Each structure stands twice: as structure tokens, then as C-alpha cells.
Amino acid sequence: MAPQIVPSIFAADFTRLGEEVGKVVDAGVQMIHVDIMDGHFVPNFTMGTPITESLRRRFPHLKLDHHLMIEDPDTYAPIFIDAGASCVSVHCEVCRNLDRTLHMIRDQGALAGVVINPATPVGLLEDVLDIVNYVLVMSVNPGYGGQQFIPNALNKVRRLYRMRSERRLNFAIEIDGGVGPENIAEVAKAGVDWVVAGSSVFHASDAGKAVRELQSAAEEAISIRV
Ligand code: DX5
Ligand code: ZN
């Protein structure tokens, strides 16, 4: 199946957030990516629950994929789920009791994802792959938009893809950071299901067109996959 493009609102114009999200929804997007940063786990801040609540009210059917780049996901995951998050991913680098945290997210009614940084090996996830709904592979170091794609992320995606088929599991594979028209084909061919795209969508002159072009490039790449 062709991957779906998941625009990251981190790159959007926050003075016109509803309009920006409306553009990508009109282009067929079913899920958007919401980056939550606490200034501790990553050297940057983004947004809190008021944004989640507003998006949930204005786009009741849109999936809100929350990427928690925070030190204390156990406290805040339930708060974001209450505010309207549909999917919540936590960094394995901060979770001391990852199994418990992932079960907690699912029990609260959201899809549970685990994220790995560029320096974190895929092998660390071996014992949670049957609990997670998705694995997010960072293809940049978290904290900023508009960074350069780290190619080794694709080796991690391929490995996860193999592990998933060997173990007959069904988690989704997501990639985040530095994806745009120049590498979308390669990303799609590696076996990614959800492709996060921030600057390549919201910094384009027409966000809707940018999404449609990424989506069709991904579909075309998959159709000629060998
Ligand atoms: C980085 C964030 C990403 C970011 C991606 O820490 O997790 O989701 O928005 O932005 P681009 O697509 O510009 O690399
Ligand atoms: Zn992200």
C-alpha cells in the first residue's frame, strides 16, 4: 500500500493555523503530525493542549498524530489524549518503563507509537514491537524543522519492515524529518507507511499542491517497486 503523507504543523504559519490545516485536508490528508517539545528533551518549545483542542473542534474527523519530544510522557500523554490526540508516540530514549507507557497510551484510547532517534538502534525495540501500533523512525535529530535527511533512517525502515513480516506483526512504520520531493520515492520504496513532511508542505507556495505531489510521487514509486 502506498504511504500516506502526514503534514507536520510545526512548519505551518501559526497565525493562520486553521486555514493551513484546511488546505491539506482539502488535498486529501487524513492525519496531521503535531510536534510537542518541552525545551528539555529537545532544545525547543512548541505547543500545548490548546492547539490540540482547537484542532479537534475544528476538524473532528482528522487524525491527530502527537509526537511527544518531552521528558515526562507518562504525565502528559493522558492530558493530550483528553485534549483530542488520536495517536501518541513517545521516545524510547526517555521511557524507563516503556512497556508500561505504551500500554497506558492504548488503555487511554489512543494508538501507541514508539520513536527512535538517529543514534538509537532498531534492535532496542525488539520486545515492544508486539505492543505498538506504530514505530516512528527519526530521520533528523529532533527539535527543529527543515533539517537534512539522514539516509541511515532507510536502513532502519527496511529492517523494521523485515521484522514485521517475519513476526507477522502489523504496526505501521512512520518516518519524520527532511522528507521532500527529492527523496519521497526512496522513502516510499523502503516500506514506510506514514511520511511526515513539514517544510516541504507548509513552506511551499501551495501546501495542498505540495501534498498532492508528494502523495502521487509516493504512489508512483510503490507501483514500480521490485
Ligand atoms: C523535528 C520534528 C519534525 C519536523 C519535521 O523534531 O519532529 O516532525 O516537523 O520537519 P521537516 O519535514 O521540515 O524536516
Ligand atoms: Zn515530529
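The values are calculated or read from the model by the stated rules, or taken from the named source; none is laboratory data. These numbers come from a predicted model, not from an experiment. Note that we place each Cβ from the backbone using ideal geometry, even for glycine, and neighbour counts take in every protein chain shown. Surface accessibility is based on the protein's heavy atoms, side chains included, excluding ligands, DNA and RNA. Shrake-Rupley method; radii C 1.70, N 1.55, O 1.52, S 1.80 Å.
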- Taking LYS156 as the anchor, which lysines have their alpha carbon closer than 23 Å to its alpha carbon, excluding any fewer than eight residues away along the same chain? LYS189
- Task: For region 4-223, state the semi-axes of the equivalent ellipsoid (square roots of 5 times the eigenvalues of the alpha-carbon gyration tensor), sorted largest first and rounded to whole angstrom.
- Result: 24, 22, 16
- Under 17 Å from the 7 Å Cα→Cβ point of ILE224, by amide nitrogen: which residues of region 181-198? 181-191
- Task: Run down the lysines and flag those whose C-alpha is under 20 Å from the C-alpha of LYS63, throwing out any fewer than 8 positions away in its chain.
- Result: LYS23
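Rounded to the nearest whole Å², what accessible area per residue is found for region 4-223 with the 1.4 Å probe? Before the final figure, lay out the partial values.
Details: 9770 Å² over 220 residues.
Accessible surface, normalised per residue, equals 44 Å².
Quote to one decimal, in nm, the extra length available between ASP82 and THR15 on full extension: 0.36 nm per residue of separation minus the C-alpha distance between them.
On the way: separation 67, 0.36 × 67 = 24.12 nm, distance 2.44 nm.
Full extension of this stretch gives 21.7 nm more.
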- Calculated from DSSP H runs of 4 or more alone, at -39500 (n - 2.57) each and per residue, what is the 222 nm mean residue ellipticity of the chain, nearest 500? -11000 deg cm²/dmol
- Task: Note the direction-averaged projected area, equal to a quarter of the hull surface, for the Cα convex hull of region 63-103, in nm².
- Result: 2.6
- Query: What spacing in nm lies between the two simple spin-label points modelled at ASN117 and SER205, each 7 Å away from Cα in the Cβ direction?
  - Reply: 3.9
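Using a 1.4 Å probe on the protein chains only, how many percent of the accessible area of the chain belongs to carbon and sulfur? If you can, show how the numbers build up before the last one.
Working: 5010 of 10400 Å².
About 48 percent, which is the carbon plus sulfur part of the accessible surface.
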- Query: Say each of ARG167 and GLN30 gets a label point 7 Å from the Cα, pointing the same way as Cα to Cβ; how far apart are those two points in nm?
  - Reply: 2.5
- What number comes out for the charge environment of LEU136, summing +1 per Lys or Arg and -1 per Asp or Glu over other residues with Cβ under 10 Å away? -3
